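The values are calculated or read from the model by the stated rules, or taken from the named source; none is laboratory data. In this text, all values refer to a predicted model and were calculated from it rather than measured experimentally. Positions of Cβ are backbone-derived with ideal geometry, glycine not excepted, and every protein chain shown enters the neighbour counts. The protein model used for the area step is the full one, side chains on, heavy atoms only, and it has no ligands, DNA or RNA in it. Shrake-Rupley method; radii C 1.70, N 1.55, O 1.52, S 1.80 Å.
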Amino acid sequence: MATKEEWTEYFALINDRQPSADEILIAIEKGDIDLGYAESKNNTQASTEITEDANRAYVNAKQHAGNYWTWVKPLILKPSQNKNVSGGVFLWVTFAVASVLGAWSLSNIIRRGINSALASYSSFSNETASIRSQLNTFNMQFFVYSVIIFALMYLAAVPGLMLINRHTFSMKETLTKYLKWFAPLTLVNLVGVVLSFIIPIPSISVWSLSNISSVMQTLFSSFGIVTIILILGSIVLVTGQQFLIAEANESNKKIDAFWLVLIQWIINIIIIIIELEVIVAPLLQSLAKSVANV
């Protein structure tokens, strides 16, 4: 039993000529050629190729994950001691992950609060299906906007650092040395994400309204925990900026590092104000319109 191509090659080898159409038809009728065998063989070969591609992709992904962990581990444990950092792709991946995790921790606690309020409202009304759909759209939009805002706030320090350290580090070196601090920031924001799932969110009902102070206290405590984590992440970046300025200006005898850090803060605040006016405010206005439509 063989495929049509295999039988044709064998016939030509034996008879020193190509088989006629009638001879091929006779071979098929006798069972010497199995047309289904060819299809099965092709499918098996295709399946084998797909499996090999999947295994290759898995091995590559596993290797990259291992390389990333080997790269990021010392930056998490000893960020101030690792002054010469390489790996541009890993740096930006870490920055993106830190931004997403920071936005996730904030948006998730708000999502849980909204869902709790909606669950309480559903006990008074049955018309919650359309509201739930609109709130899901709002939650997704709020998450995307939060990622953008976090990324902008995190990068607000870059212009000042480049200006202050221009005599010591190139723009690329300054950016690289600043981005390494997003490794410990990622760990802090990851803790915030975990806490945003497990901290209690009060459920408001007719019975809880009699003890509204307890409900509000629990609500503020829940948001306060996530807020503390986000502030801690900001402290990580502020500390990184101070280390970077000190490293670049340790031999600067004209201007003390204190004044350089103060200048950095002023520039940072100016950049943040510009971002708030030009980008963040329009995003929040768009988000407010979404809330009004709910």
Residue in region 152-168 that is modelled with the highest pLDDT, counting only those that are open to solvent by less than 40 Å² (accessible area, probe 1.4 Å), touching a Ser or Thr at 6+ places or on another chain (Cβ under 9 Å) and not aliphatic (A, V, I, L, M): TYR154
Residue list for region 118-135, filter: open to solvent by less than 70 Å² (accessible area, probe 1.4 Å), within 20 Å of LYS289 (Cα to Cα) and either basic (Lys, Arg) or at pLDDT below 75 (or both): LEU118, THR128, ILE131
Residue that is most open to solvent (accessible area, probe 1.4 Å) [pool: residues in region 66-116 that are of a type in the set (Gly, Ala, Ser) and at pLDDT 90 or above]: ALA96
